[in-house]
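Values quoted throughout were computed directly from the atomic coordinates according to the rules given, and no laboratory measurement underlies them. Predicted model only: the values in this text are computed from it and were never measured. Positions of Cβ are backbone-derived with ideal geometry, glycine not excepted, and every protein chain shown enters the neighbour counts.
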């Protein structure tokens, strides 16, 4: 055996071991999450940081990020199948896989955080038509089924004729799904942080940015793993699309806060979340605005910074910014006291008139990470056993 | 032949005896639990009129009575259930302070019922908003939706429950208006315990009831009436 063959064999063997190591690491995180679920089951939610004031915590931050990104990542597929762009079409299977993986992770976290996770099938049999949560049960499982069908039409040659129509259905379904996710908060009329019609479109635009960022990260790792170089022209286009999505989502978030600032009954909340609320303004300005928007925009648009690494870094910061945004939106939104008696100063033994405090416990953080682990394991195993590597034509058609 | 007849007779006797012993305690228990065979009627709408001008500062008798009646610990940690609480209210511009008890407002259009994915949150025909503990999955969406922060989530295992008021770890709960007492023809525990008789309980739909008469004669408000939920709890003196 020649030396070059030997070194190639050694590299393959190393990759093989690394693959199993990564899988084991993902499995370990998942095991830790299952242990947390067991602990929460036996001791109750008392071992989490959540309470009667902050009823949704870190698990919901992870779950909602994964679900929103699962919808947004399908943008790549939609641009291919609905608008017929070849370089996106080549990436539609990978985008669909990531969607399924993140949806599975997000839903698992959401279900395992329930007070009674053993009853998770109950909404299917006792469906309350007025509940947006119940609608979402249909929307999430429907997307799951549709994306599986979409993948089938793409990966099975005989089914290729159906790709466009199923792709169109996926396109419509995910818009409705993210609208549903936004509506969970938009329907909360009494809370100052929520109850706004802008939330569904805001979540749709946020999903574009988060999904694109996740897609770009996975694609970069896959190309590096397979010793391939992504066509610079393709990377340039993807990078700019991410830039547009980041700008659009920042615009939506700005409008959401501006409208709140204009309504006198919501200005107190805005001052809290943007200025006086301690950890929340810090996370909003430094975590979301600077790390999640300014830094990636610089990395994308500053001349001379067009490398693979800066595009990867931009995607990573968008994802981290997304988590910061959701932490502020979900937990900060509940920390601000509910205004039951507008215009009066109130106090009680149940936190009325006081900022609620929240410190996430290790159990709920592990549960959230478990969702990421599920998405990671599904993706890692699938890209190894099936052909999800994008196959670009020798020329860019559009 | 006679032998077979005798055997059959004694078998039937024993079977009847066993059946009676099995069924009788059930029937007796049903009676003990004050189970009513007739359904509640929407002709009735239970409600309260709370006179805040009479609600004494520092008095927590309604809270204590509620805790005792419903088997709540009375703990004040953020994870403890509080079905009723006293809110101290200060009108800064007028320099006036007062206090009032706040609990589930038993809305006619309850947001908790709208958002509940399984229908565990429901409104009885007589206007009482309840949680079916067997259906609640513990998603806490109702807690997010309630404009009065009236609901609590059971964060830890429960012991020594009141058999009349079943509760469950991992489910959401709130004031039941002491539905078990109402069904037995009694008043809610808080109304009975108030030393100043500040909580008037009754049928809002009955024009001749004391509460309906008083609502016609005194100025009262429903909290966050701007939301259009038409709560069954009215307050006087806010």
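Fewest first, what order do A:284, A:65 take by the number of other Cβ atoms within 10 Å?
A:284, A:65
In a GNM of chain B with a 10 Å cut-off on Cα contacts, which of B:47, B:168, B:17 has the highest mean-square fluctuation?
Maximum among the listed residues: B:17.
Below 8 Å, C-alpha to C-alpha, sequence gap of six or more: please give me the relative contact order for chain B in percent. Mind dumping the intermediate values first?
Details: 401 pairs, mean separation 62.1, N = 238.
In percent, rounded to a whole number, it is 26.
Residue A:255 to residue B:22: FRET efficiency via 1/(1 + (r/R0)^6), r the Cβ-Cβ distance, R0 60 Å, to the nearest 0.05?
Efficiency computed from Cβ-Cβ geometry: 0.30.
Cut-off 10 angstrom, C-alpha nodes, Gaussian network model of chain B. Which of B:65, B:120, B:77 fluctuates the most?
B:77
Order these by the 10 Å Cβ neighbour count, fewest first: A:339, B:61, A:227.
A:227, B:61, A:339
Given the range A:191-357 reduced to its alpha-carbon atoms as identical point scatterers, what log10 I(q)/I(0) does the Debye formula return at q = 0.11, 0.13 Å⁻¹?
-0.52, -0.67
Output the 0 to 90 degree angle, nearest 10, between the alpha-carbon long axis of helix A:362-385 and the longest principal axis computed from the alpha carbons of chain A.
Approximately 20 degrees, to the nearest 10.
Using a Förster radius of 41 Å, what is the FRET efficiency between residue B:161 and residue B:39 based on their Cβ-Cβ separation? Nearest 0.05, please.
Values: r = 26 Å, r/R0 = 0.63.
The pair residue B:161/residue B:39 has a calculated efficiency of 0.95.
Show that you can apply the helix-only estimate: for chain A, add -39,500 (n - 2.57) for every DSSP H stretch of four or more residues, divide by all residues, and state [θ] at 222 nm to the nearest 500.
Working: 15 runs with 261 residues, N = 398.
Here the helix-only value at 222 nm equals -22000 deg cm²/dmol.
Regarding the range A:214-294, what are the three Cα extents along the principal axes, ordered largest first, in Å?
Answer, in whole Å and largest first: 56, 22, 15 Å.
Tell me the angle of helix B:2-32 to the major Cα principal axis of chain B, expressed in degrees between 0 and 90 and rounded to the nearest ten.
In chain B, helix B:2-32 runs at an angle near 10 degrees to the longest axis.
Rounded to the nearest 10 degrees, what's the angle between the helix A:163-186 long axis and the longest principal axis of chain A, both from Cα atoms, 0 to 90?
For helix A:163-186, the angle is close to 20 degrees.
How high is the relative contact order of the range A:191-357, in percent, with contacts defined as C-alpha pairs under 8 Å that are six or more residues apart? If you can, show how the numbers build up before the last one.
Numbers: 167 pairs, mean separation 46.0, N = 167.
It rounds to 28 percent for the range A:191-357.
Once label points are set 7 Å from the Cα along Cα→Cβ at both residue A:41 and residue B:183, what is their separation, rounded to one decimal in nm?
Reported label-point gap for residue A:41 and residue B:183 is 3.2 nm.
Using a 7 Å offset from the Cα along the Cα-to-Cβ direction at both residue B:76 and residue A:130, what is the distance between the two label points in nm, to one decimal?
Calculated label separation equals 3.6 nm.
Would you mind computing, in nm to one decimal, how far apart the modelled labels at residue B:15 and residue A:118 are, each placed 7 Å from Cα along Cα→Cβ?
The answer from the label model is 3.6 nm.
I want to verify a result. In a Gaussian network model of chain A, Cα cutoff 10 Å, which of these has the top mean-square fluctuation: A:199, A:110, A:241?
A:241
Can you show me the helix-derived [θ] at 222 nm for chain B, built from DSSP H runs with n ≥ 4 at -39,500 (n - 2.57) apiece and divided by the number of residues, rounded to the nearest 500.
Roughly -8500 deg cm²/dmol at 222 nm, from the helical runs in chain B.
Can you tell me the mean projection area, over all orientations, of the convex hull of the protein assembly as shown's alpha carbons? Units nm², please.
Dividing the Cα hull surface by four gives the mean projection, 42.7 nm².
When averaged across all projection directions, what area in nm² does the alpha-carbon convex hull of the range B:38-236 cover? Please list the in-between numbers first.
Working: hull surface 47.1 nm².
Projected over every direction and averaged, the Cα hull of the range B:38-236 covers 11.8 nm².
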